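Structure record follows, encoded as structure tokens.
The values are calculated or read from the model by the stated rules, or taken from the named source; none is laboratory data. All values reported here derive from a predicted model rather than from experimental measurement. Neighbour counts are summed over all protein chains in view; Cβ atoms, including those assigned to glycine, are modelled from backbone coordinates with ideal geometry. Side chains are part of the model used for accessible areas, which takes the heavy atoms of the whole protein and leaves out ligands, DNA and RNA. Shrake-Rupley method; radii C 1.70, N 1.55, O 1.52, S 1.80 Å.
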Amino acid sequence: DAKTTQPNSMESNEEEPVHLPCNHSTISGTDYIHWYRQLPSQGPEYVIHGLTSNVNNRMASLAIAEDRKSSTLILHRATLRDAAVYYCILRVIYGGSQGNLIFGKGTKLSVKP
Amino acid sequence: DTEVTQTPKHLVMGMTNKKSLKCEQHMGHRAMYWYKQKAKKPPELMFVYSYEKLSINESVPSRFSPECPNSSLLNLHLHALQPEDSALYLCASSQLYKEKLFFGSGTQLSVL
């Protein structure tokens, strides 16, 4: 399965931007990059996904490196409610693992008031 | 309706009991998933159903038996579980393999 590597934890101040990095050097050309977050006592929540181009939505932005071997999730203004574990995941489209969403260890984001 | 509903929210069972977890979605999604999550660990994929057929079984012990009676419902039948099976069981659904997953809030299972 395609693997991702993320820092175990990061800290941010409230109302400041947060950049969460993810390395995925073994990504194949058809793998989508997905980000989910999980708040305490809840199921994971979709944040954003992309293939090659940078993506924006109401929650965040996703910056994808030109070689696609890394990506960065950007929260433009962190709030206390953004404190969660953030997972960067490769969504395999073809092959034996088709459709699987395999979670890595994730980054625990803490937000200080 | 963009919700995945899981019942019950909490379940306590003995090692000789038989119980079932239920998951329901009305988004027309044709792929449904079961994940298991231990405390402070990431979710682990257990089963994937595609068009009501089991497409992925991640070497899950036979004491866990999934069932997809129709395109909206997914069950996980539990029998003769062990205390180490205590975990949060998450259900998810998606439209297509490249699309995002919608997760339920999970069933917290305790096996005594």
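Just a few scattered comments:
- Restricting attention to the stretch A:1-15, the residues that are in a strand (DSSP E or B) and under 11 Å from the mean Cα position of the chain (by Cα) total 1.
- Residue match in the stretch B:4-15 (condition: more than 11 Å from chain A (Cβ to nearest Cβ), touching a helix residue (DSSP H, G or I) at 6+ places or on another chain (Cβ under 9 Å) and either assigned to a loop (DSSP other than H, G, I, E, B) or open to solvent by less than 80 Å² (accessible area, probe 1.4 Å) (or both)): yes
- Lone unmet requirement of (1) among the hydroxyl-bearing types (Ser, Thr, Tyr); (2) out of contact with any Cys (no Cβ under 7 Å at 6 or more places or on another chain); (3) open to solvent by less than 60 Å² (accessible area, probe 1.4 Å) for B:TYR49: (2)
- A:VAL18, sole failed condition from (1) touching a residue at least 24 places away in the same chain (Cβ under 8 Å); (2) under 21 Å from B:LEU101 (Cβ atoms); (3) under 13 Å from the mean Cα position of the chain (by Cα): (2)
- Residues of the stretch B:25-43 satisfying the condition of being within 17 Å of B:LEU96 (Cα to Cα) and open to solvent by 10 Å² or more (accessible area, probe 1.4 Å): B:HIS26, B:MET27, B:GLY28, B:HIS29, B:ARG30
- B:LEU90 being of a type outside the set (Ser, Thr, Tyr) and under 15 Å from A:ASN100 (Cα atoms): yes
To keep it simple, each residue is scored yes or no on (1) surrounded by 12 or more Cβ atoms within 10 Å (Cβ to Cβ); (2) in contact with a Leu (Cβ under 8 Å, 6 or more places away or on another chain); (3) not aromatic (Phe, Trp, Tyr).
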{"residue": "A:ASN8", "(1), (2), (3)": "no, no, yes"}
{"residue": "A:GLU16", "(1), (2), (3)": "yes, no, yes"}
{"residue": "A:LEU20", "(1), (2), (3)": "yes, yes, yes"}
{"residue": "A:HIS24", "(1), (2), (3)": "yes, yes, yes"}
{"residue": "A:ILE33", "(1), (2), (3)": "yes, yes, yes"}
{"residue": "A:LEU39", "(1), (2), (3)": "yes, no, yes"}
{"residue": "A:LEU51", "(1), (2), (3)": "yes, no, yes"}
{"residue": "A:ARG58", "(1), (2), (3)": "no, no, yes"}
{"residue": "A:LEU62", "(1), (2), (3)": "yes, yes, yes"}
